[in-house]
1. How do Trp118, Trp49, Trp179 line up, fewest other C-beta atoms within 10 Å first?
2. Among Met16, Met216, Met115, which comes first, second and so on when ranked by fewest other beta-carbon atoms within 10 Å?
3. Can you give the direction-averaged projected area of the convex hull of the alpha-carbon atoms in the stretch 92-164, in nm²?
4. Which whole-number percent is the relative contact order of the chain (Cα, under 8 Å, 6+ apart)?
5. Once the mean 1/r over all distinct Cα pairs of the stretch 2-238 is inverted, what Kirkwood radius in angstroms do you read off?
6. Report the normalised scattering of the stretch 146-199 as log10 I(q)/I(0) at q = 0.13, 0.27, 0.29 Å⁻¹, calculated by the Debye formula with identical scatterers on the alpha carbons.
7. With both bridge residues required to lie in the stretch 2-238, what share of the DSSP beta bridges run antiparallel, to the nearest 5%?
8. For every helix of n ≥ 4 consecutive DSSP H residues, a contribution of -39,500 (n - 2.57) applies; sum these over the chain, divide by its total residues, and give [θ] at 222 nm rounded to the nearest 500 deg cm²/dmol.
Amino acid sequence: MIVVLSPHLDDAIMSMAGTIYRLGVLGIATRIVTLFGGDPAFTGPPSAWDSKRGLATAGEAFHARREEDRAAVAVLGTDAVCLPYSDSAYVAARDPDAIWGSLQPHLADAEAVVMPGWPLAHPDHEFTTKLALDRLDGNVPVLFYAEQPYSTRPRYLAAYLAGRTPAPLEHVVGSGLVWNTIHLDATMRATKSQAVSCYGGELKAIGARAYLDAVMVRVFRQERIAHRGTDPMPELLARAL
């Protein structure tokens, strides 16, 4: 079982859908665990971002995003878990112990855990990775994915191509990362496109930038996963390369 940590409901699929599909074809089980999926019962107002959906409450926005995610997950045939914590756009107490207590049971059978690794520019992405690295059993291999669409945007593109390790992450892991490229064939690209298209509300909120992001995906035709420079790539994931 490969567990992929997704800060928000679209991050893992936008970043790793092709790889997740490939692992499934190889008979390797995967599970996406989203930390900040929100509570559909929350009746407070939506954040500035979620208000772009035109819904009256945050709970309605969370429900809509979860429905989009269910459709995307169904395309890939992967397992998925959504935790009810609010993302950083909402003013809410964030208890790392509580979040870890909810997350840990879904990692019990993990043979490797994959988490955000570049550029870690979003606070929720950085929190997810730092929490996992701080709490995971040292015997569980950890890997890192290039966060799409952020990693191929102009601000981060040169460093992405150079395989750079974010400074906060290098400090935590104690070494640089070795980036591995998964080249997406036509079937992997088509499957990823179908899965990503399920996030209609998010793509609408992103606006014209979503089109440019899609162009970059077609240009690069790849996803990237890294492992610590001091550790080998786990065999299960190496099979997807």
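FYI, it's all coordinate maths here, none of it is from the lab. Since this is a predicted model, take the numbers as computed values, not measurements. In this analysis, Cβ positions are derived from the backbone assuming ideal geometry, glycine residues included, and neighbour counts consider all displayed protein chains.
1. On the way: Trp118 26, Trp49 14, Trp179 20.
Arranged by neighbour count, lowest to highest, Trp118, Trp49, Trp179 become Trp49, Trp179, Trp118.
2. Values: Met16 30, Met216 15, Met115 26.
In increasing order of surrounding Cβ atoms, one gets Met216, Met115, Met16.
3. Working: hull surface 23.2 nm².
Directional mean of the projected Cα hull area for the stretch 92-164 stands at 5.8 nm².
4. Numbers: 406 pairs, mean separation 63.8, N = 241.
Taking the mean separation of contacting Cα pairs over the length of the chain, I get 26 percent.
5. In the stretch 2-238 this quantity evaluates to 17.9 Å.
6. -0.46, -1.09, -1.14
7. Given both bridge residues lie in the stretch 2-238, the antiparallel proportion sits at roughly 40 percent.
8. Numbers: 10 runs with 107 residues, N = 241.
After summing the helix terms and dividing by residue count, I get -13500 deg cm²/dmol.
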